[in-house]
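Taking it in order: structure first as structure tokens, then the write-up.
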Amino acid sequence: MNQKRSGFGTRIGFELAAAGSAVGLGNLWGFPYKTSANGGAAYLFVYLACILLVGAVAMLAEFYIGRRSRANTVSAYKAISPGWGWLGLLVVVIPAMIMCYYLVLGGYTVKYALGSFVGNAGNYEKFAGNTGDVILHTAVFALPAAAIVIAGVRNGIEKAAKLLLPTMLVILIVISCVSLLLGEGVQEGLSFYLKPDFSKLTGAGILSAMGQAFFSLSLGCGAMITYGSYSGKTVDLVHSTVVVCLLDGLLTFLSGLAIFPALFHYAAVSGESLSALGMGGTGLMFITLPMVFQDMGLAGQIFSLLFFTMTAIAALTSIISILEVVTQFIIQRYKVARTRAVSIVVFACLALSVPVGISLGLDVNGAAGLQLFGRNLLELLDSITNTLLMPLAALGACVAVGWKLPKSERFSGFAGTMVRVVTPILIVVILVFGAVDMIVPAIEGKRVYSPDGFGILLTAVGIVILTVLAYFLILKNRDTGSNRDEARANARRDEAFQAGLRRGWQRPE
Ligand code: PFF
């Protein structure tokens, strides 16, 4: 039977798809404001070091887990040890949770791209508060993602990545060049971004950079396991890991180069103080940048279109990887067709994203409705996944590869030491400090117990317990499938189609 069609067709297709997953809102939205909040260049350096030293090793581990099993994440962990399959299920639950808020943010980028010529400045509260508009744009963002994943790994995800990632890179380079040519203020912006002052970097800043590196590389949420499972047998995973990390680091670096000179230029010409611009907060992309664009007249409108289109593309190539993790599991476990699996996942996540969008809108407009543990639902899902569950799952991947694989398969040399010892220790540090910061956050220099933070931690623990139970009660002793299932089903469908055609040709005779 012809089973050629499962998986990526080329190494470069696999690498671009993985890089597309990595490069997303984390790089373009998260990184710039976190860099601002943590003193600039020093943060950039720690972040890049984390990507190359810690993130790369965890990514290699995840690629390897996927590739050796050529199956969904549950089967992949089961293949290492049946008792570890729950970790595979956890990395199906995590992307499903991420999807519920990432879709909303993707919708925002679509809205801002479309609103470039109408003017986005000052409209954040209005848009966020308009539930119908938010839902509409979220759906507009979700549809191409669904269409790409329905088209399959090779015909959808790979082709989209080959087209979209280079497009994004070109747009970002153009924006960076223009930003560097703006004149007044650019020099200050550059020194803020590129001249490190390590005295400004706090322990919290270092942890934030590590966490940011993990999120940015899409680690701890199944994406790299799933993409690894579709990589060609002969692909050198170390090479691919280096390429993906370099691309992610490059695009992150460029996003700062595009944003900081423009921000400092705006501050210089408008006379606004940088702190008043709120560049160290989550509003940097949706509140501050539209003001900067507006100030530049028609050119600013064009840049707004380019910038938000690029951001929407970045979010799209990330969401398709998140969607593929869940889709792959459903196809293989429940033996359903890809179109059906994608439709179920997208409809469910779109439905769940509605309360998330409403909650964010209420919060932005100063109303406290629809919050849990003192946070809007977007922040809540982000805290649970980003701070707690993703590091936990990335830790699991490193321990599985470092300690659970048969000895003959274990990494040797530098990668071996990193994956067994160094990376797990650093991830535990991120996890523990992240949890401590949540339970006893520092408020004006003093640590104060936060029942809300404790509630979030308990929720995360609850999710892990439920996942473990669901795995042991429902999945452990059942067939959870592999990539071959879809390839076989495709081959059967093709054969039936061909047979139908042959019959069709014969009918007139
Ligand atoms: N790496 C993406 C970003 O930086 O925006 C986010 C992400 C994508 C997280 C895919 C998780 C994932 F599975």
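Conditions (1) modelled with pLDDT under 95; (2) within 16 Å of the ligand (Cβ to nearest atom); (3) not aliphatic (A, V, I, L, M), marked per residue:
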site	(1), (2), (3)
GLY85	no, no, yes
LEU90	no, yes, no
CYS100	no, yes, yes
THR109	no, yes, yes
LEU143	no, no, no
LYS162	no, no, yes
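Of the conditions (1) crowded, with 20+ Cβ neighbours inside 10 Å; (2) not in a helix (DSSP H, G or I), LEU274 satisfies every one except a single condition; which number is it?
If we test LEU274 against (1) crowded, with 20+ Cβ neighbours inside 10 Å; (2) not in a helix (DSSP H, G or I), just (1) comes out false.
Residues ALA76, ALA96: which one is at pLDDT 95 or above, over 18 Å from the mean Cα position of the chain (by Cα), within 16 Å of the ligand (Cβ to nearest atom) and at negative phi?
The match here is ALA76.
Going by the structure shown, is GLY228 in contact (Cβ under 8 Å) with a residue 40 or more places away in the chain, buried (at least 18 other Cβ atoms within 10 Å of the Cβ) and assigned to a helix (DSSP H, G or I)?
yes
For the range 63-94: of the residues being among the charged types (D, E, K, R) and part of a helix (DSSP H, G or I), which is surrounded by the most Cβ atoms within 10 Å (Cβ to Cβ)?
Looking at residues that are among the charged types (D, E, K, R) and part of a helix (DSSP H, G or I), I get LYS78.
What pairs can you find where one residue is in the range 9-34 and under 14 Å from LEU165 (Cα atoms) and polar (S, T, N, Q), the other is near the ligand (Cβ under 7 Å from one of its atoms) and not in a helix (DSSP H, G or I), and their Cβ atoms are less than 7 Å apart, with a gap of 6+ or different chains?
Hits for this filter: SER21/SER218.
Report the residue count in the range 14-65 for those that are of a type in the set (Phe, Trp, Tyr) and either more than 14 Å from the ligand (Cβ to nearest atom) or under 14 Å from MET224 (Cβ atoms) (or both).
Residues that pass the stated criteria total 5.
With respect to the numbered conditions (1) touching a residue at least 40 places away in the same chain (Cβ under 8 Å); (2) farther than 30 Å from TYR230 by Cβ; (3) of a type outside the set (Gly, Ala, Ser), which one is the sole condition not fulfilled by ASN483?
(2)
With the structure loaded, tell me whether THR459 is polar (S, T, N, Q) and over 25 Å from ILE80 (Cβ atoms) or whether it fails that test.
Spelling it out, THR459 is indeed polar (S, T, N, Q) and over 25 Å from ILE80 (Cβ atoms).
Within the range 322-355, how many residues are within 16 Å of GLY132 (Cα to Cα) and within 16 Å of the ligand (Cβ to nearest atom)?
Final tally of qualifying residues: 1.
The values are calculated or read from the model by the stated rules, or taken from the named source; none is laboratory data. Everything quoted here is computed from the prediction, not taken from an experiment. When we count neighbours, we look across all protein chains shown, and the Cβ atoms used for this are built from the backbone with ideal geometry, even at glycine.
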